[in-house]
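The structure appears right after this line, and notes come after that.
The values are calculated or read from the model by the stated rules, or taken from the named source; none is laboratory data. These figures come from a predicted structure and were not determined experimentally. When we count neighbours, we look across all protein chains shown, and the Cβ atoms used for this are built from the backbone with ideal geometry, even at glycine. Ligands, DNA and RNA are stripped out before the accessible areas are found, and what is left, the full protein with its side chains, is counted by its heavy atoms. Shrake-Rupley method; radii C 1.70, N 1.55, O 1.52, S 1.80 Å.
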Amino acid sequence: MTLPTRQRILLKDYVIPGALLLLLILMVGVRFSFLLEKTREGTTVGNLHHIRQALLLYYQDHNGVHPRELSPQSPFGRYLSGLPAVATLHPRAGAASPAGGEVTYGTDSPRGFGRGWYYNYETGQIYINSIGQDTRGVAYSAY
């Protein structure tokens, strides 16, 4: 006995809705990951602000002298007990992720795709240690 045409379940009855559902899930996933990265960038900017405020307090308390290092064991540790990490993970154009809490010391600004923070101990400026770009196309080192 064969079923009438209306009662037969055809392959296209599963494939087309399944493909549309998969496409919808992919679109939502991409958008969600973008929003998650924007949140990480906001966290990183907030962490950078806290470090800069601590550097400013140190500079004012020490008669215009910048700290040589930013470790909790140094005199700077009194102003910021622990250095927060760079939270952003996915720079544009496939560059290496700057995420991390390590500090690179120098006398200029970041020149490559490093990790963590870059601290210029002569000027007291702190940067994200990467020339990679964020989700808006702005270089991390320009924050």
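Tell me the relative contact order for the chain as a rounded percent, counting alpha carbon contacts under 8 Å between residues six or more apart. Walk me through the numbers before you get to the answer.
Numbers: 217 pairs, mean separation 23.9, N = 143.
Relative CO of the chain lands at 17 percent.
Using a 1.4 angstrom probe on the protein heavy atoms only, line up Leu83, Leu26 by accessible area, largest first.
Working: Leu83 40, Leu26 105 Å².
Most to least solvent-accessible, the answer reads Leu26, Leu83.
Using the per-residue mean of other Cβ atoms lying within 10 Å as a proxy for protection, in what order, highest first, do the peptides 106-119, 124-137, 61-74 fall?
Details: 106-119: 17.4, 124-137: 19.0, 61-74: 12.4.
My ranking of the peptides, most packed first, is 124-137, 106-119, 61-74.
Name the residue from His49, Val15, Leu36 whose Cα lies farthest towards the positive end of the charge dipole of the chain, charges +1 on Cβ of Lys and Arg and -1 on Cβ of Asp and Glu.
Highest projection toward the positive end goes to Val15.
Note down the nm distance, to one decimal, between modelled labels 7 Å out along Cα→Cβ at Phe113 and at Asp61.
3.9 nm
Kirkwood hydrodynamic radius for the chain: how many Å is it when counted over pairs of different Cα atoms?
Details: mean 1/r = 0.0555 Å⁻¹.
Computed over the chain, the radius equals 18.0 Å.
Probe of 1.4 angstrom, ligands and nucleic acids ignored: what's the accessible area per residue over the chain, in square angstrom?
Details: 9200 Å² over 143 residues.
Result: 64 Å² of accessible area for each residue.
On C-alpha positions alone, give me the angle between the axis of helix 12-61 and the longest principal axis of the chain, in degrees, nearest 10.
10 degrees
Please state the charge dipole magnitude for the chain, taken about the Cα centre, from unit charges on C-beta atoms (+1 on K and R, -1 on D and E), reported in debye and rounded to the nearest 20. If you can, show how the numbers build up before the last one.
Numbers: 13 positive and 9 negative charges, 154 e Å.
Roughly 740 debye for the chain.
Pick from Leu20, Leu80, Leu57: which residue has the top mean-square fluctuation in a GNM of the chain where Cα pairs under 10 Å get a spring?
Looking only at Leu20, Leu80, Leu57, the largest GNM fluctuation is found for Leu20.
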